[in-house]
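I have a structure I would like to understand better, so I am pasting it below and will then ask my questions one at a time.
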Amino acid sequence: MPAFPYRRIIVIGVTSAGKSTLAEQLAAKLGLDFIELDALHWELGWVDAAPEVFRQRVTEAIAAPGWVIAGNYSVVRDLTWPRAEAVVWLDYPLRTVFWRLLTRTMRRCLKRELLWGTNRETLWKHFKLWSDDSLFHWLFKTYWRRKREIPKFLARPEYAHLQQIHFKTPQETENWLNSLS
């Protein structure tokens with residue numbers, strides 16, 4: 001297979017689809033910078049960065065000649081999508097992302113994994129399904145909306161320049177990643 005021609009790539013999908021994992025692997029494989037929007041967004045204690053601070057961080061990060069971004073933040077889409085050359089959409093079934101969210105949350109909580117500064121996930125917060133702080137709540141709140149919205153964003157004329165790469169299963173994604181030289 002010929003070398004992958006794109007140097008500015010965005011990986012999108014719902015929570016726990018594997019955006020960060022794929023973006024980091026893709027960046028390493030292609031020798032590009034890995035940009036995790038969550039790391040630029042979250043302050044200590046799970047406080048959102050002020051929009052102007054977040055936008056400035058993203059502006060600085062995408063100044064590099066080549067990168068792979070993990071994330072869907074609409075507040076910076078006007079900065080990232082016009083500069084990008086390709087969008088990889090991880091469009092997996094709900095059961096797949098739910099299972100990934102469950103196992104990831106359990107692992108992070110049990111191992112007390114450090115996330116973006118001094119942040120750690122707690123089981124209680126996520127199992128409060130009625131709470132906006134719960135990633136499970138967020139998944140159920142956004143899953144179907146994203147399935148409707150993403151194709152509309154990708155069809156907009158201002159994003160016609162983007163090469164669209166759409167995967168419906170993790171196996172498709174893995175096969176594609178392994179095929180890249």
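From the list Glu85, Glu158, Glu172, which residue is acidic (Asp, Glu) and either touching a helix residue (DSSP H, G or I) at 6+ places or on another chain (Cβ under 8 Å) or at pLDDT below 80 (or both)?
On the way: Glu85 fails: either touching a helix residue (DSSP H, G or I) at 6+ places or on another chain (Cβ under 8 Å) or at pLDDT below 80 (or both); Glu172 fails: either touching a helix residue (DSSP H, G or I) at 6+ places or on another chain (Cβ under 8 Å) or at pLDDT below 80 (or both).
Answer to the check: Glu158.
Okay, next question. Please go through segment 138-168 and give me each residue that is of a type in the set (D, E, K, R), in a loop (DSSP other than H, G, I, E, B) and closer than 21 Å to Leu79 by Cβ, ordered by number.
Start the filter on segment 138-168 by keeping residues that are of a type in the set (D, E, K, R), which leaves 141, 145-149, 152, 156, 158, 168.
Those still in the list that are in a loop (DSSP other than H, G, I, E, B) too: 156, 168.
Within segment 138-168, just Arg156 meets the criteria.
OK, next. For segment 60-76, give me each residue that is surrounded by fewer than 17 Cβ atoms within 10 Å (Cβ to Cβ) and out of contact with any helix residue (DSSP H, G or I) (no Cβ under 6 Å at 6 or more places or on another chain).
Residues satisfying the conditions are Glu60, Ala63, Ala64, Pro65, Gly66, Ser74.
A follow-up question, please. Which is modelled with pLDDT of 95 or more, closer than 17 Å to Lys19 by Cβ and not aliphatic (A, V, I, L, M), of Tyr92, Tyr73? Spell out how you get there, then give the answer.
Numbers: Tyr73 fails: modelled with pLDDT of 95 or more.
Tyr92 is the lone residue from the list that is modelled with pLDDT of 95 or more, closer than 17 Å to Lys19 by Cβ and not aliphatic (A, V, I, L, M).
Somewhere in segment 130-144, is a residue modelled with pLDDT under 75 and more than 22 Å from Leu44 (Cα to Cα)?
Checked segment 130-144: at least one residue is modelled with pLDDT under 75 and more than 22 Å from Leu44 (Cα to Cα).
Separate question: Exactly one condition in (1) in contact with a Ser or Thr (Cβ under 7 Å, 6 or more places away or on another chain); (2) at pLDDT below 95; (3) within 17 Å of Leu177 (Cβ to Cβ) is not met by Lys19; state its number.
Status for Lys19: all satisfied but (1).
Oh, and also: Starting from segment 50-77, keep only residues that are over 22 Å from Glu149 (Cα atoms) and of a type in the set (Phe, Trp, Tyr), then list their pairs with residues that are modelled with pLDDT under 95 and part of a loop (DSSP other than H, G, I, E, B) whose Cβ atoms are within a distance under 9 Å, requiring at least 6 positions of separation or different chains.
Phe54/Tyr73
Separate question: Given the residues Arg57, Arg100, Arg95, which is the only one that is surrounded by 15 or more Cβ atoms within 10 Å (Cβ to Cβ), charged (D, E, K, R), within 22 Å of Glu172 (Cα to Cα) and out of contact with any Cys (no Cβ under 9 Å at 6 or more places or on another chain)?
Details: Arg57 fails: within 22 Å of Glu172 (Cα to Cα); Arg95 fails: surrounded by 15 or more Cβ atoms within 10 Å (Cβ to Cβ).
Sole residue among the options that is surrounded by 15 or more Cβ atoms within 10 Å (Cβ to Cβ), charged (D, E, K, R), within 22 Å of Glu172 (Cα to Cα) and out of contact with any Cys (no Cβ under 9 Å at 6 or more places or on another chain): Arg100.
A quick yes/no check of all residues on (1) under 16 Å from the mean Cα position of the chain (by Cα); (2) among the β-branched types (Val, Ile, Thr); (3) in a loop (DSSP other than H, G, I, E, B):
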residue	(1), (2), (3)
Ile69	yes, yes, no
Asn72	yes, no, yes
Val75	yes, yes, no
Val88	yes, yes, no
Tyr92	yes, no, yes
Phe98	yes, no, no
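Being of a type outside the set (A, V, I, L, M, F, W, C) and surrounded by fewer than 22 Cβ atoms within 10 Å (Cβ to Cβ) is the filter; apply it to segment 19-29 and report the residue that is farthest from the chain's Cα centre (by Cα).
Going through segment 19-29, the residues of a type outside the set (A, V, I, L, M, F, W, C) turn out to be 19-21, 24-25, 29.
Remaining after also requiring surrounded by fewer than 22 Cβ atoms within 10 Å (Cβ to Cβ): 20-21, 24-25, 29.
Numbers: Ser20: 5, Thr21: 9, Glu24: 10, Gln25: 13, Lys29: 18 Å.
Among those residues, the one meeting the criterion is Lys29.
The values are calculated or read from the model by the stated rules, or taken from the named source; none is laboratory data. Because the structure is a prediction, the values reported are computed rather than measured. As a convention, Cβ positions derive from the backbone with ideal geometry for all residues, glycine included, and neighbour counts pool all protein chains shown.
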